[in-house]
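Quick note: the coordinates plus some simple rules give every number you see, no bench work behind them. Computed from a predicted model, the values in this text were never measured in an experiment. Note: ideal-geometry Cβ built from the backbone for every residue, glycine included; neighbour counts use all protein chains shown.
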Amino acid sequence: MKVIGTLCLCIWLVVATTSLAQPPSNDSNPPPILDTAGQPLQRGVEYYILPDVTDISGGFTLLNRNGTLCPLYVGLDDDLTSPGLPVVFTPFLEDETVIREARDFRVEFSAATICIESTAWRVGETDAETGRRLIVTGGDSQNGAYFRINREGEAYIVAWCPTDVCPICRFQCGSAGLLNEDGKRLLALDGPTALPVRFRRA
């Protein structure tokens, strides 16, 4: 009985290790995310992320918070006519050339800053007053640095739930919306309303 139990344990370990090392199957690829010209978002190409609602303007950009220069946070540009700063997407799956719905990717602003750190997005601290998790740049929080785009009806929503990166992990997944703070519009998870977005090639 002990031999059978040991054999079962070994088989289970091999299966678990193999499944962890394998990326999600490409046999049933989800649809690509489309830009405003109807073309799939491409790895390494610059895009502007813009609100897809008529009463909100200004593209995604870098903002400071509470008077500190660094780190920089993701939010909407104060200039309502500005497209913000371009970003570049990098899929988690190395062989992917397009960004697909509900698939993990890294996103980074294509811009230089005074902060000596990356402009890649990651899940940052939780706001003490609202309990919402802010989207910040810089550093490397591994799973926290991978985002995805979900479709809700006709809208695209930026979300965080990196199950491609770690299929066996249990995450507190969330969709991104706006957090208004001292006149600044910061991007944050866990709000009552997600922000619909669109993507325009830079």
task = Let me know the charge dipole size of the chain about its Cα centre in debye, to the nearest 20, where only the beta-carbon of Lys, Arg (+1) and Asp, Glu (-1) is charged.
result = 500 debye
inquiry  = Give me log10 I(q)/I(0) at q = 0.09, 0.11, 0.16, 0.18 Å⁻¹ for the chain, Debye formula, one equal scatterer per alpha-carbon, no solvent.
reply    = -0.37, -0.53, -1.03, -1.29
ask   = Taking a spot 7 Å from the Cα of residue 69 along the direction of its beta carbon, which residues of segment 126-151 have an amide N less than 18 Å from it?
value = 137-139
key: Dipole axis of the chain (+1 Lys, Arg; -1 Asp, Glu on Cβ), positive-most option in 162, 39, 86   = 162
task = Calculate I(q)/I(0) for segment 128-202 by the Debye formula, one identical point scatterer on each C-alpha and no solvent, and give its log10 at q = 0.19, 0.21 Å⁻¹ to two decimals.
result = -0.91, -1.07
task = For residue 171 paired with residue 117, estimate the spin-label separation in nm (one decimal), with each label point 7 Å from Cα along the Cα-to-Cβ line.
result = 2.0 nm
note = Rounded to the nearest Å, the spacing of the alpha-carbon centers of segment 109-134 and segment 24-98 is 14 Å
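So what is the relative contact order for the chain, in percent, with contacts set as C-alpha pairs under 8 Å and at least six apart?
Relative CO of the chain lands at 21 percent.
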ask   = Between residue 128 and residue 101, what FRET efficiency comes out of the Förster formula 1/(1 + (r/R0)^6) with R0 = 30 Å and r the beta carbon distance, rounded to 0.05?
value = 0.35
remark   = Per the helix-only model, the chain has a calculated mean residue ellipticity at 222 nm (DSSP H runs of ≥4, -39500 (n - 2.57) each, divided over all residues, rounded to the nearest 500) of -3500 deg cm²/dmol
message = Can you compute the modelled spin-label distance between residue 81 and residue 152, with each label point 7 Å from Cα toward Cβ, in nm?
response = 3.1 nm
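In whole percent, what relative contact order does segment 61-160 give with Cα contacts below 8 Å and a gap of six or more residues?
Here the relative contact order equals 23 percent.
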ask   = Taking the chain as a Gaussian network, where each spring joins two C-alpha atoms under 10 Å apart, which residue of 117, 154, 108 fluctuates the most?
value = 154
